Amino acid sequence: MSGRQSSLSLSHLAFLALIAAAAIFLNWSAISASTKLYNLVVVVPVGIALLLLVAGIIIKNLQNPNKAAPKEPLEQRANRRATLIDLVLLGLFAALCFGLTTVGFDIATFLFVWVGIVIGGEKRWWLPPLYAALFTLFLVEGFGSLFPFPMPLLVL
């Protein structure tokens with residue numbers, strides 16, 4: 001071994017292992033329940049994509065040497081801000097999941113995408129609502145054509 005250490009912490013590795021285990025279990029459970037294509041059209045590809053992402057993250061981190069912690073206050077502040085933005089987006093995702101049944105799939109998705117784009121740093125005032133509306137329209141119509149069960153909608 002060359003003496004290099006991975007930049008992947010043990011907590012991140014444990015989280016990736018948990019994601020991989022959940023993806024494997026969900027795929028196994030879905031395939032055991034029914035091998036009909038309409039039952040597996042989303043679950044299996046998403047599970048495979050998750051496993052590929054986990055493998056890619058681990059491989060990339062094993063190839064890169066361990067990076068030293070940022071020393072400059074400006075760098076530390078930027079890292080704290082990025083972490084805070086990640087936590088806010090995670091909270092927004094939780095609100096989206098809650099809002100799917102309370103305000104409807106369309107409104108919850110529209111608000112999540114709009115606020116996510118604004119948090120991401122978009123400065124043009126007209127672009128976030130336009131993109132959110134188009135994304136929501138295509139998502140609702142796409143899911144509506146893929147899955148023949150009613151989703152709670154408020155507008156669409």
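I'd like the carbon and sulfur percentage of the solvent accessible area for the chain, probe radius 1.4 Å, heavy atoms only, ligands and nucleic acids excluded.
Taking all protein chains in place, the chain shows 73 percent carbon and sulfur surface.
For the chain, what is the charge dipole size about the Cα centre, in debye to the nearest 20, if Lys and Arg each add +1 at the Cβ and Asp and Glu each add -1 at the Cβ? If you can, show how the numbers build up before the last one.
On the way: 10 positive and 6 negative charges, 106 e Å.
Roughly 520 debye for the chain.
Can you give me the accessible area per residue for the chain, using a 1.4 Å probe, in Å²?
Counting only protein heavy atoms, the per-residue value for the chain is 74 Å².
Step through the residues of the stretch 94-104 one at a time and calculate ³J(HN,Hα) from phi using the Karplus curve (6.51 cos²θ - 1.76 cosθ + 1.60, θ = phi - 60°), rounding each to whole Hz and writing x for Gly and Pro.
Calculated HN-Hα couplings, in order: 4, 5, 4, 4, 5, x, 4, 9, 8, 9, x Hz.
Please calculate the 1.4 Å probe accessible area of Phe112, with all protein chains present, and give it to the nearest 10 Å².
Near enough 60 Å² of accessible area.
Local charge sum around Ile85 (other residues, Cβ-Cβ under 15 Å, Lys/Arg +1, Asp/Glu -1)? Mind showing how you got there, number by number?
On the way: positive: Arg77, Arg80, Arg81; negative: Asp86, Glu122.
Surrounding charge for Ile85 is +1.
Tell me the label-point distance for the pair Arg80, Tyr131, using the 7 Å Cα-to-Cβ offset, in nm and rounded to one decimal.
Between Arg80 and Tyr131, the label points sit 2.8 nm apart.
Tell me the accessible surface of Trp114 in square angstrom (1.4 angstrom probe, heavy atoms of protein chains only), to the nearest ten.
Trp114 exposes around 90 Å² with every protein chain in place.
Looking at the chain, which longest stretch skips every one of the trypsin sites (Lys or Arg not before Pro) that is in a DSSP loop with at most 10 other Cβ atoms within 10 Å, leaving the sites themselves out? Can you show the working numbers first?
Details: sites that count: Lys36, Lys67, Lys71, Lys123, Arg124.
Longest gap between qualifying sites, sites excluded: 72-122.
So for the chain, taking the charge dipole from beta-carbon charges (+1 Lys/Arg, -1 Asp/Glu), which of Asn64, Thr102, Leu154 sits furthest toward the positive end?
So the residue furthest toward the plus end is Asn64.
Name the residues whose placed amide hydrogens come within less than 5 Å of the amide hydrogen of Met151, ignoring near sequence neighbours (fewer than 5 apart) on the same chain.
none
Taking a ≥ b ≥ c as the square roots of the Cα gyration tensor eigenvalues, with a/c under 1.5 meaning rounded and otherwise prolate when a/b beats b/c, else oblate, which class fits the chain?
oblate
Kirkwood hydrodynamic radius, computed over distinct alpha-carbon pairs, for the stretch 86-156: how many Å, to one decimal?
Working: mean 1/r = 0.0797 Å⁻¹.
After inverting the mean inverse Cα-Cα distance, the result is 12.5 Å.
The values are calculated or read from the model by the stated rules, or taken from the named source; none is laboratory data. For clarity, every value in this text was computed on a predicted model and none was experimentally measured. Reconstructed Cβ throughout: ideal geometry from the backbone, glycine too, with neighbour counts over all protein chains shown. All accessible areas refer to the heavy atoms of the entire protein, side chains included, with ligands and DNA or RNA removed. Shrake-Rupley method; radii C 1.70, N 1.55, O 1.52, S 1.80 Å.
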